[in-house]
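The values are calculated or read from the model by the stated rules, or taken from the named source; none is laboratory data. Source: prediction; values computed, not measured. Methodologically, a virtual Cβ is constructed for each residue, glycine included, from the backbone with ideal geometry; neighbour enumeration extends over all protein chains shown. For the accessible areas, the whole protein counts, side chains as well, though only heavy atoms, and no ligand, DNA or RNA atoms are used. Shrake-Rupley method; radii C 1.70, N 1.55, O 1.52, S 1.80 Å.
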Amino acid sequence: MNKNGSVMVMVIICTAVIAVTALSLMSLLANSEKQNAIRRKQESLIEAIKSLNVRMQDSLDCTAILGGQAFSLTSPTSKQNIVLRATYGSDPLNAANYIKAGKVFVDDIQLSRVQIQAIKDPKIKPTLPSIPVNGDLRYAYPTVSPKSLARMKKFFVEIRLLTDSIPWNSNSPDNTIQVYIKVNKSTGLISECHGSNSPAETCEVVSQGTYNPNPIPGLPTAQELKFRCNPDRKCFSIKSSQPDGLFTSNNCPSAYNKFYEPQLVGERSGQKKYICNWCNPHR
């Protein structure tokens, strides 16, 4: 082979090497862009779930999102389909935009399923039963008959948004929404839900009451908030400004007399003494 032929061969080989290298780089760049796009979508979905989780810590918001939907009392740990009556971003709040199976969510991610299931409450000791968290809660208001209609079971649940659009670990705790729900035993419908650090949970754990999200007719919002925590197994009492905390009149303070009733507890120095109690009529 002459000198010119050798040069031509080298040119062809170099060109081929350059072409292969260029193709490899293009493939790497394309794959990197694809991975970055997937990562952005995953991050968008995580942020949306975090936003929903924060919102659903509040009893009123959570109940508006989940309330009135069926939840299996016989198989609470099974995965059940649910609709989140909420939207994200600029979508107007209507049924067409609810977060549910088939919804095209953030970053054009299509949801394949939205599921709810009862899980172990992390606050309950391992040696104690945790499902349900509480098998017998009851609202004090409004009064219903028969009393059994007021009975509820409380569960700690996990809500997952699943998608086939991107690689997605729906079982990661960071990718789920965790709240408490109360389910009416008579109807099997969710009557209330709230987060673990909410005033509602404080009511049910510290005050041993039952948080009721239902508005109370005839009371200003600022006042009715005092009565959202309903007495359950024990009565709630208010004290007077007297040293013994008792009242000398058989009338409870006007701000409380819608629910609190005076009960005679005794007599001292010819003066009758009363305590103002709010008890659960469904007990």
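State the number of residues belonging to region 63-105 that are part of a loop (DSSP other than H, G, I, E, B), crowded, with 19+ Cβ neighbours inside 10 Å and β-branched (Val, Ile, Thr).
Total satisfying the criteria: 1.
So which residues in region 48-62 are open to solvent by 10 Å² or more (accessible area, probe 1.4 Å), outside any helix (DSSP H, G or I) and either at positive phi or of a type outside the set (S, T, N, Q) (or both), if there are any at all?
Going residue by residue through region 48-62, those that are open to solvent by 10 Å² or more (accessible area, probe 1.4 Å) are 50-51, 53-55, 57-58, 60-61.
Retained after the next criterion (residues that are outside any helix (DSSP H, G or I)): 57-58.
Correct list: ASP58 only.
Among the listed residues PRO129, PRO142, identify the single one that is more than 22 Å from GLY67 (Cβ to Cβ) and out of contact with any Asp or Glu (no Cβ under 6 Å at 6 or more places or on another chain).
PRO129
Under 7 Å by Cβ, and 6 or more places apart or on different chains, what pairs join a residue from region 219-232 that is in contact (Cβ under 8 Å) with a residue 12 or more places away in the chain with one that is of a type in the set (Gly, Ala, Ser)?
That search, which allows pairs on different chains as well, returns GLN223/ALA255; CYS229/SER207; CYS229/GLY209; ASN230/ALA140; ASN230/GLY209; PRO231/ALA140; PRO231/GLY209; ASP232/GLY209.
For region 164-210, give me each residue that is in contact (Cβ under 8 Å) with a residue 24 or more places away in the chain, polar (S, T, N, Q) and part of a loop (DSSP other than H, G, I, E, B).
Within region 164-210, SER165, SER186, SER196, ASN197, SER198, SER207, GLN208 meet the criteria.
One line per residue, one yes/no per condition, for (1) open to solvent by 70 Å² or more (accessible area, probe 1.4 Å); (2) at pLDDT 95 or above:
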| residue | (1), (2) |
| --- | --- |
| PRO122 | yes, no |
| SER130 | no, no |
| GLY135 | no, no |
| SER145 | yes, no |
| LYS153 | no, yes |
| PHE156 | no, yes |
| ARG160 | no, yes |
| ASP164 | yes, no |
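LEU137 passes all but one of (1) without any contact (Cβ under 8 Å) to a residue 24 or more places away in the chain; (2) among the aliphatic types (A, V, I, L, M); (3) outside any loop (DSSP other than H, G, I, E, B); which number fails?
With respect to (1) without any contact (Cβ under 8 Å) to a residue 24 or more places away in the chain; (2) among the aliphatic types (A, V, I, L, M); (3) outside any loop (DSSP other than H, G, I, E, B), LEU137 is out only on (1).
Quickly run through region 74-125 and pick out the residues that are touching a Leu at 6+ places or on another chain (Cβ under 7 Å) and more than 21 Å from ASP164 (Cβ to Cβ).
Residues satisfying the conditions are ALA86, THR87.
Any idea which of (1) closer than 18 Å to THR77 by Cα; (2) at pLDDT 95 or above; (3) out of contact with any Asp or Glu (no Cβ under 7 Å at 6 or more places or on another chain) is the one SER186 doesn't satisfy?
(1)
Residue by residue, here is whether (1) under 34 Å from the mean Cα position of the chain (by Cα); (2) crowded, with 17+ Cβ neighbours inside 10 Å; (3) aliphatic (A, V, I, L, M) holds:
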residue	(1), (2), (3)
LYS226	yes, no, no
CYS252	no, yes, no
ASN257	yes, no, no
VAL265	no, no, yes
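Return only the number of the condition from (1) touching a helix residue (DSSP H, G or I) at 6+ places or on another chain (Cβ under 7 Å); (2) open to solvent by 10 Å² or more (accessible area, probe 1.4 Å) that THR210 does not satisfy.
Only one criterion is unmet by THR210, namely (2).
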